[in-house]
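The values are calculated or read from the model by the stated rules, or taken from the named source; none is laboratory data. As the structure is a computational prediction, the values presented were derived from the model and not from experiment. Counting neighbours? That spans all protein chains shown, and the Cβs are built from the backbone with ideal geometry, glycine included.
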Amino acid sequence: MSFKGQHILSVKQFDHDRITQVFDIARHMAPYASRKKRTKVLDGAILGNLFFEPSTRTRVSFGCAFNLLGGEVRETTGMESSALSKGESLFDTARVISSYSDVIAMRHPQAGSVAEFAEGSRVPVLNGGDGANEHPTQALLDLFTIERELASSGQHINGMHIAMVGDLKFGRTVHSLSKLLCLYRNIRLTLVSPAELAMPDDIISSLCNAGHQVVISDKLEGHLNADIVYQTRIQEERFPSKAEADQYRGKFRLNQEIYTRYCKSNTVIMHPLPRDSRIEANELDNDLNLNPNLAIFRQADNGILVRMALFALTLGVENIVKDYECAVPWYSNK
Ligand code: NCD
């Protein structure tokens, strides 16, 4: 079972063994991510980083992960600055960029677009988010984070209680994460959203078929005593207008006072980021920043490790990363 040369388009490609393999390699990437060591295992390799939709962390972390393995990154951002806006097909773009690159990471606003692109690509394509459909690398880093955070209090993914909150209709991160959770046992999922932004039925059915207990609510009260609270942003860009998204903003706010009152003392707070910190939304208040159970920045850091692992695997260098190590001569306080 090898990832070498494969596209990573959906979490459906993963089973327990594959997840374990990715996470083992991700853990071994920590010294490089923290600049204790360097590796040049991908020296000469080129990542085509194509982001046709807004992104900060995912785009930069794909790029940094590749750089940290010694590779180079060539990037294009925004639909308007790409030839797609001149009517070029995804297939043609893929044919060309894949001859310039060794691997491609791509984000695009249309569901299914990254898979369509992959058909024209001669190199592995990693899905960085295709519309409201999937975000497999985020789901893997979320799962990695959940496993790590729970382990610190002796808990496991099997048997946990997770509350997913916010825009569960358009949020691709919660779609992909839920599909991965179907591989585990005996999970309690509380899905909190406005009725209009509920988790798609097919995902709820998969969760129920996996034997999980699913509770659906349009109120946050009474549902915060979970092991993990996974908060999400209203995905304004998927709504027909800003005014429609505005109706739902700010409905499920979490701050330290609410946390103290309703969460468990060790409830882990996650969010794929960006959190919408505008006053009308403020889904995770800044007063949580000092809460040790706020895992959002550890979660984003874990993204580097997981993406490094995925690049190493798809390019077939996962076992020789150490052979290309060298020293870090510059100051680093990481
Ligand atoms: C998420 C996304 O783009 O789906 N962000 C991310 O990749 N970390 C979530 C969001 O934008 O709200």
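Can you spot a residue in region 78-91 that is within 14 Å of the ligand (Cβ to nearest atom), closer than 21 Å to GLN235 by Cβ and out of contact with any Pro (no Cβ under 8 Å at 6 or more places or on another chain)?
No, there is no match, as no residue in region 78-91 is within 14 Å of the ligand (Cβ to nearest atom), closer than 21 Å to GLN235 by Cβ and out of contact with any Pro (no Cβ under 8 Å at 6 or more places or on another chain).
Are any residues in region 105-129 more than 14 Å from THR93 (Cα to Cα) and near the ligand (Cβ under 10 Å from one of its atoms), and if so, which ones?
Within region 105-129, GLY128, GLY129 meet the criteria.
Let's see how each residue does on (1) out of contact with any strand residue (DSSP E or B) (no Cβ under 8 Å at 6 or more places or on another chain); (2) touching a residue at least 24 places away in the same chain (Cβ under 8 Å); (3) exposed (fewer than 11 other Cβ atoms within 10 Å of the Cβ); (4) basic (Lys, Arg):
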| residue | (1), (2), (3), (4) |
| --- | --- |
| HIS271 | no, yes, no, no |
| ALA281 | yes, yes, no, no |
| GLY303 | yes, yes, no, no |
| PHE311 | no, yes, no, no |
| TYR324 | no, yes, no, no |
| ASN333 | yes, no, yes, no |
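Among (1) of a type in the set (A, V, I, L, M); (2) within 20 Å of the chain's Cα centre (by Cα); (3) within 16 Å of the ligand (Cβ to nearest atom), which single condition is LEU47 missing?
(3)
THR56: exposed (fewer than 15 other Cβ atoms within 10 Å of the Cβ) and at pLDDT below 95, yes or no? Outline the logic, then answer.
Details: exposed (fewer than 15 other Cβ atoms within 10 Å of the Cβ): yes; at pLDDT below 95: yes.
Spelling it out, THR56 is indeed exposed (fewer than 15 other Cβ atoms within 10 Å of the Cβ) and at pLDDT below 95.
Of these, ASP202, ASP218, which one is out of contact with any strand residue (DSSP E or B) (no Cβ under 9 Å at 6 or more places or on another chain) and either charged (D, E, K, R) or on the phi > 0 side of the Ramachandran plot (or both)?
ASP202
Within region 153-191, how many residues turn out to be modelled with pLDDT of 95 or more and away from the ligand (no atom under 16 Å from the Cβ)? Write out each step before concluding.
Initial filter on region 153-191 (modelled with pLDDT of 95 or more): 154-191.
Filter once more, keeping what is away from the ligand (no atom under 16 Å from the Cβ): 154-163, 181-191.
Residues that pass the stated criteria total 21.
Every residue in region 68-94 that is surrounded by 15 or more Cβ atoms within 10 Å (Cβ to Cβ), modelled with pLDDT of 95 or more and in a helix (DSSP H, G or I), please.
LEU68, LEU90, THR93, ALA94
Those residues that are part of a loop (DSSP other than H, G, I, E, B) and farther than 23 Å from GLN155 by Cα, I need them from region 170-209; list them, please.
Within region 170-209, PHE170, GLY171, SER193, PRO194, ALA198, MET199, PRO200 qualify.
Here is a yes/no grid of residues against (1) surrounded by fewer than 24 Cβ atoms within 10 Å (Cβ to Cβ); (2) outside any loop (DSSP other than H, G, I, E, B); (3) in contact with a Leu (Cβ under 9 Å, 6 or more places away or on another chain); (4) among the polar types (S, T, N, Q):
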site	(1), (2), (3), (4)
ALA115	yes, yes, yes, no
ALA118	yes, yes, yes, no
GLY129	no, yes, no, no
ALA139	no, yes, yes, no
LEU150	yes, yes, no, no
GLN155	yes, no, no, yes
GLY159	yes, no, no, no
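Test PHE62 against the stated conditions and say whether it is in contact with a Lys or Arg (Cβ under 9 Å, 6 or more places away or on another chain), on the phi < 0 side of the Ramachandran plot, within 16 Å of the ligand (Cβ to nearest atom) and of a type in the set (Phe, Trp, Tyr).
Considered against the rule, which asks whether it is in contact with a Lys or Arg (Cβ under 9 Å, 6 or more places away or on another chain), on the phi < 0 side of the Ramachandran plot, within 16 Å of the ligand (Cβ to nearest atom) and of a type in the set (Phe, Trp, Tyr), PHE62 comes out as yes.
So, in region 32-54, exactly how many residues are out of contact with any strand residue (DSSP E or B) (no Cβ under 6 Å at 6 or more places or on another chain) and within 26 Å of GLU75 (Cα to Cα)?
So the first thing to find is which residues in region 32-54 are out of contact with any strand residue (DSSP E or B) (no Cβ under 6 Å at 6 or more places or on another chain), and the list is 33-36, 40-45, 54.
Then drop every residue that is not within 26 Å of GLU75 (Cα to Cα), which leaves 33-35, 40-45, 54.
Count: 10.
Could you check, for region 34-48, whether at least one of its residues is in contact (Cβ under 8 Å) with a residue 24 or more places away in the chain, of a type in the set (A, V, I, L, M) and closer than 25 Å to ASN333 by Cα? Working first, answer last.
Going residue by residue through region 34-48, those that are in contact (Cβ under 8 Å) with a residue 24 or more places away in the chain are 34-48.
Restricting the remaining residues to those that are of a type in the set (A, V, I, L, M) gives 41-42, 45-47.
Going one step further and asking which of them are closer than 25 Å to ASN333 by Cα, we end up with 41-42.
The answer is yes, given that some residue of region 34-48 is in contact (Cβ under 8 Å) with a residue 24 or more places away in the chain, of a type in the set (A, V, I, L, M) and closer than 25 Å to ASN333 by Cα.
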